[in-house]
Amino acid sequence: MSSVARENNLTEIVERKPWLPWMVTIAAAFFLLVGSLSLNMLTPIMSIMLDDFQATTNFGSAMYFMDTFVSAILVIPIGLAINKWGYRKLGYLGYIVLLIAFAWGATAFSANQTSILIIRSLQGVGYVVPPILSIAVVSQWFPEKKRGIPLSIVASMTFIAKSLALQMSKITIPLDSWHGQFAGCFVLTCIGFVLYIIFLKAVPGLNIVGKREKTERAPITEVLKDFKIWLIIIIMVAYTLGQRGFSPFSNLIWVQNCGVSNNRASDIDSIFFLMAIPSGLFFGFILSHFLKKRGKITAIMLTVFFLGMPLAFLLSQTWQAWLFVFIVGMMGGVPQFCQICLPMFSRTPAVVSMALVAYDLIGKYITASIAPFVVSSIQTATGTWIYSAIPIAIAGVVAVIACWILGVRVDKESRIVKENKNK
């Protein structure tokens, strides 16, 4: 089906049932939420688990490594499978594996290091599906000029998951220590699975959901030849290095550097991650409506974030932490920016899926696998978190350069589109 025919088909369906795209958005958002919980649930229980296992921060890095390493291995096959078999079957696979992993972690049978690493591997299998599936589905249900806000909402689920994991731990830890955190995630995943089944069943008749179009092919090599895709990947690599290097140990850092309690550290983290939600919506609004200078405006916002992120390892006072949370956090909608830009530069749904594969593989999973080790190795060697800021700062400078190159290209293409419409 051509892009024009697809647009006409979508317009016809949405005119009859305007609620359909938002039903899909809700289902996709909740799927990414529970998937992201598996990735971020360890932050508030990290110190408890390390004490129980009598392990160093390097074992904490290993727990994060297993999750993202498995996702990195599977992301290309999953992307190909989505284009071949459709979204629904892969969504069922992701949910079932996540349910198994959370249920196992909630039992006493997980109380050893080997079991935890196996569980984290299963979580990697479950998590690899929703980032590709959720963004790909939603991008197909909305035209480009209306795509920014719904994509921002879906992409923001990663930040909501981080804050939810932190706040949920205040209930789950008193109930059953770190096992309670797994039990809480299991309950939320059950709810998400039900919503996924109900909401996606409510949208029959649109052939781009759940069924492949046999005429479309998008080899990964086609995507990797696109310079703009590589700029987006570079930006995400720097973001992931900073976030995944910081977030697993963020509670420890706030406690040790700023002298706050673990619960107060969770509050600081929650606000920091939640600030990225309005940031992402702002990115979506700018990219959808400020066509003339959207590249430069977003480049300025991203510059503030990437130059500010290394400060997280240097702060020593509570008021400094809160200032960092509100200023840097408000510019932290980097994933939303990237995931809005990817469909913008992809000509078909199949290309979107493969672009997301390359983006997730390099920008998220590979980088996320090594990021905690970068930080924990420096902390273990020096006994302080301060020097961990160095690699984050270097990556941030590279990202700023990429942001401005991409921003100029976005503005240039926007002018071309506007000129063509005026002819």
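The values are calculated or read from the model by the stated rules, or taken from the named source; none is laboratory data. What you see is a predicted model, and the numbers here were worked out from it, not measured in a lab. Counting neighbours? That spans all protein chains shown, and the Cβs are built from the backbone with ideal geometry, glycine included.
Worth a mention:
- Which listed residue, of ASP67, ASP52, is in contact (Cβ under 8 Å) with a residue 40 or more places away in the chain, in a helix (DSSP H, G or I), of a type in the set (Asp, Glu) and surrounded by fewer than 18 Cβ atoms within 10 Å (Cβ to Cβ): ASP52
- Selection count where residues are assigned to a loop (DSSP other than H, G, I, E, B) and either without any contact (Cβ under 8 Å) to a residue 40 or more places away in the chain or surrounded by fewer than 24 Cβ atoms within 10 Å (Cβ to Cβ) (or both), scope the stretch 23-41: 0
- As a summary of the residue check, GLN336 satisfies the conditions (1) assigned to a helix (DSSP H, G or I); (2) among the polar types (S, T, N, Q); (3) surrounded by fewer than 22 Cβ atoms within 10 Å (Cβ to Cβ) except for the one numbered (3).
- Considering the conditions (1) within 27 Å of ILE370 (Cα to Cα); (2) modelled with pLDDT of 85 or more; (3) not basic (Lys, Arg), THR107 is excluded by exactly one of them, (1).
- Some residue of the stretch 99-109 being part of a loop (DSSP other than H, G, I, E, B), hydrophobic (A, V, I, L, M, F, W, C) and over 28 Å from ALA358 (Cα atoms): yes
- Single residue of SER121, SER115 found to be farther than 16 Å from SER346 by Cβ, surrounded by fewer than 24 Cβ atoms within 10 Å (Cβ to Cβ), free of Cβ contacts under 8 Å to residues at least 12 places away in the same chain and of a type outside the set (A, V, I, L, M): SER115
- Residue in the stretch 156-168 that is surrounded by 24 or more Cβ atoms within 10 Å (Cβ to Cβ), part of a loop (DSSP other than H, G, I, E, B) and out of contact with any Phe, Trp or Tyr (no Cβ under 8 Å at 6 or more places or on another chain) present: yes
- Of the residues PHE305, PHE313, the single one that is surrounded by 15 or more Cβ atoms within 10 Å (Cβ to Cβ), of a type in the set (Phe, Trp, Tyr), closer than 22 Å to VAL375 by Cβ and in contact with a Gly (Cβ under 7 Å, 6 or more places away or on another chain) is PHE305.
- In the stretch 384-393 there is at least one residue that is among the aliphatic types (A, V, I, L, M), within 23 Å of GLY280 (Cα to Cα) and at pLDDT 85 or above.
- Residue match in the stretch 314-326 (condition: over 19 Å from ILE160 (Cα atoms) and among the small types (Gly, Ala, Ser)): yes
- Residues that are of a type in the set (A, V, I, L, M) and buried (at least 22 other Cβ atoms within 10 Å of the Cβ) within the stretch 269-287 comprise ALA276, ILE277, LEU287, listed in sequence order.
- Helices (runs of 4 or more DSSP H) enclosed by the stretch 217-301 - at least 2 residues per element that are modelled with pLDDT under 85: 220-224, 250-258, 262-289
- Residue list for the stretch 298-333, restricted to those being more than 20 Å from GLY245 (Cα to Cα), touching a residue at least 24 places away in the same chain (Cβ under 8 Å) and of a type in the set (A, V, I, L, M): ALA299, MET301
- Annotation note: of PHE272, PHE324, PHE283, the sole residue that is among the aromatic types (Phe, Trp, Tyr), in contact with a helix residue (DSSP H, G or I) (Cβ under 9 Å, 6 or more places away or on another chain) and more than 25 Å from THR57 (Cβ to Cβ) is PHE283.
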